[in-house]
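Worksheet: one structure, shown below.
The values are calculated or read from the model by the stated rules, or taken from the named source; none is laboratory data. Predicted, not measured: the structure shown is a model, and the values here were computed from it. Note: ideal-geometry Cβ built from the backbone for every residue, glycine included; neighbour counts use all protein chains shown. Just so you know, the surface numbers come from the protein's heavy atoms only, side chains and all, with ligands and any DNA or RNA stripped out. Shrake-Rupley method; radii C 1.70, N 1.55, O 1.52, S 1.80 Å.
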Amino acid sequence: GIKKPFTEVIKANIGDAHAMGQRPITFLRQVVALCTYPNLLDSPSFPEDAKKRARRILQGCGGNSLGSYSASQGINCIREDVASYIERRDGGVPADPDNIYLTTGASDGIATILKILVSGGGKSRTGVMIPIPQYPLYSAAISELDAIQVNYYLDEENCWALDVNELRRSLNEAKAYCNPKVLCIINPGNPTGQVQNRKCIEDVIHFAWEEKLFLLADEVYQDNVYSEGCQFHSFKKILYEMGPEYYNNVELASFHSTSKGYMGECGYRGGYMEVINLHPEIKGQLVKLLSVRLCPPVSGQAAMDIVVNPPIPGEESYSQFIKEKESVLNNLAKKAKLTEDMFNKVPGIHCNPLQGAMYAFPRIFIPSKAIEEAKAHKMAPDMFYCMKLLEETGICVVPGSGFGQREGSYHFRMTILPPVEKLKILLEKVKDFHIKFLQKYA
């Protein structure tokens, strides 16, 4: 009941697009609505191309209903659509529907794969290499499975690039206390927003091949690439182009989701993973493991189908779909540039270019007096900073210590999802707060 110095809390802490005001993609919602309530298939208010997709999905469901369980691996026709999408995306690189597993968002797929890879005890316990800063799903899943977290640091001075020498350092040090078997890559990066170039991906694949590491490619932001000269390359495509020695040997699981991209459909919990070069016996165990949770949400599977099977030129919904998709992505690109430019005008804040994804991860200078006060409150300095920011401005962001960062450096992660006008206000408020914070603790 105490009066605060702000009128609303702006939740810039989580990549929840629709909660931040992004409009759903009409076609996706039309198809899911038709699947959910098939009586609408007779309605003239729905376009024929949406009805065609809904009928196809419903035919793949038991009793023609979204309310029935699907196969544990997901509805067959949707897995076929995912395989076709991957082939189109990767310029004809073959994809087998049998290697596609529909999942409850990408998170479920990542946790499942980790579960099947973790084994051993003591020094032979599985080590999982993750980027720092990382998306906390990884540290949480590793901790839950009692595996060993192996950190490798992204190079902040070089726009959060991934350096193979750093991978090698990390791996060699970890061999003293665990068995590093898994290498996780997030591209485009979360929370760091970098987009890896082709050469970097080739180097990583060569490293994984050389060290016999299982590669996890978290590619949920593959549609979110903004900077000129940056392009999304899938690990699968580059692996294939590196030739049969790599393509037939490197074990790779890659992940995608309905939650990010231009769709922002976090609540449907739709996703898929493509797993290649898995030993047939292990594959049998993976299917068994997936069958324990029966199946991913069928409405989420339907939503995933529209992501991989959108309207095509010549279909009646195409022009509206493309207009909506481009509007979301152009808007995000504008907001990425605005955020970077605004932060870099503030003394004591430095922000790398936001090449992709939907977050800024600026580095903040925290004076020693503030660090002392944070210690007195038993708080990490950037947590102290973020709590002050929340209490004084109503802006909620996440301290960098939640993602991991190099010793002695401080950051926060903020989503760029709020509407442009609200984002401008937010950035102005952060600027004013930061300047006052520096003056107070100078």
(request) Run the numbers on the chain and let me know its relative contact order in percent, using alpha-carbon pairs under 8 Å that are six or more apart. (result) 22 percent
(message) What whole-number distance in Å separates the alpha-carbon centres of the range 103-163 and the range 170-244?
(response) 13 Å
(message) Counting heavy atoms of the protein chains only and a 1.4 Å probe, report the per residue accessible area for the range 246-341 as a whole number of Å².
(response) 41 Å²
(message) Under a Cβ-only charge scheme (Lys and Arg +1, Asp and Glu -1), can you give me the dipole magnitude of the range 112-194 about the Cα centre, in debye to the nearest 20?
(response) 480 debye
(request) Just flag the trypsin sites (Lys or Arg not before Pro) in the range 137-245 sitting in loop per DSSP whose Cβ has no more than 16 other Cβ atoms within 10 Å. (result) 175, 212
(request) Just check the range 1-80 against the gyration tensor rule for me: Cα atoms, a ≥ b ≥ c as the square roots of the eigenvalues, rounded for a/c under 1.5, and otherwise prolate or oblate depending on whether a/b exceeds b/c. (result) prolate
(request) Determine the sum of side-chain charges near residue 75: Lys and Arg each +1, Asp and Glu each -1, restricted to other residues whose C-beta is under 12 angstrom from that of residue 75. (result) -1
(request) Under a 10 Å cutoff between Cα atoms, tell me which one of 312, 14, 110 has the largest fluctuation in the Gaussian network model of the chain. (result) 312
(message) Here is the link list: 212/288; 323/429; 181/378. Which ones come out longer than 28 Å on Cα distance?
(response) 323/429; 181/378
(request) Sort out for me the Cα centre separation of the range 1-75 from the range 316-371, rounded to whole Å. (result) 27 Å
(request) Kindly write out, for the range 401-409 in residue order, the coupling ³J(HN,Hα) from the Karplus curve 6.51 cos²θ - 1.76 cosθ + 1.60 (θ = phi - 60°), rounded to whole Hz, with x marking Gly and Pro. (result) 5, x, 10, x, 7, 5, 3, x, 10
(request) Report the antiparallel proportion of the DSSP beta bridges in the range 59-308 as a percent, rounded to a multiple of 5. (result) 35 percent
(message) For the chain, what does the helix formula give at 222 nm: sum of -39500 (n - 2.57) over DSSP H segments with n ≥ 4, over the residue count, nearest 500 deg cm²/dmol?
(response) -13500 deg cm²/dmol
(request) Have a look at 206, 279, 18 and tell me which one the Gaussian network model of the chain (Cα, springs below 10 Å) gives the largest fluctuation. (result) 279
(request) For the pairs 337/388; 11/436; 369/440; 369/436; 335/422; 11/424, note any where the Cα-Cα span goes beyond 18 Å. (result) 337/388; 11/436
(request) For the chain, give the percent of accessible area contributed by carbon and sulfur heavy atoms, probe 1.4 Å, rounded to a whole number. (result) 52 percent
(message) Below 8 Å between Cα atoms, with a sequence gap of 6+, how large is the relative contact order for the range 59-308 in percent?
(response) 26 percent
(message) Quick check: the distance between the Cα centres of the range 388-442 and the range 263-290, to the nearest angstrom?
(response) 36 Å
(message) I need the chymotrypsin sites (Phe, Trp or Tyr not before Pro) found in the range 63-104, filtered to DSSP loop residues with at most 14 other beta carbons within 10 Å of theirs.
(response) 69
(request) Please compute the Cα-Cα pair-distance distribution of the chain with 10 Å bins starting at 0, giving whole percents from short to long. (result) 4, 20, 29, 25, 15, 5, 1
(request) Only Cα pairs under 8 Å and at least 6 apart count here; give the relative contact order of the range 329-435 as a rounded whole percent. (result) 30 percent
(request) Filter the GluC sites (Glu not before Pro) in the range 159-230 to those in DSSP coil with at most 15 other Cβ atoms within 10 Å of their Cβ, and list the result. (result) 228
(request) Please list the non-local residues whose amide H lies under 5 Å from the amide H of residue 25, H modeled 1.01 Å from N, same-chain partners needing a gap of 5 or more. (result) none
(request) Give me the percent of DSSP beta bridges within the chain that run antiparallel, rounded to the nearest 5. (result) 50 percent
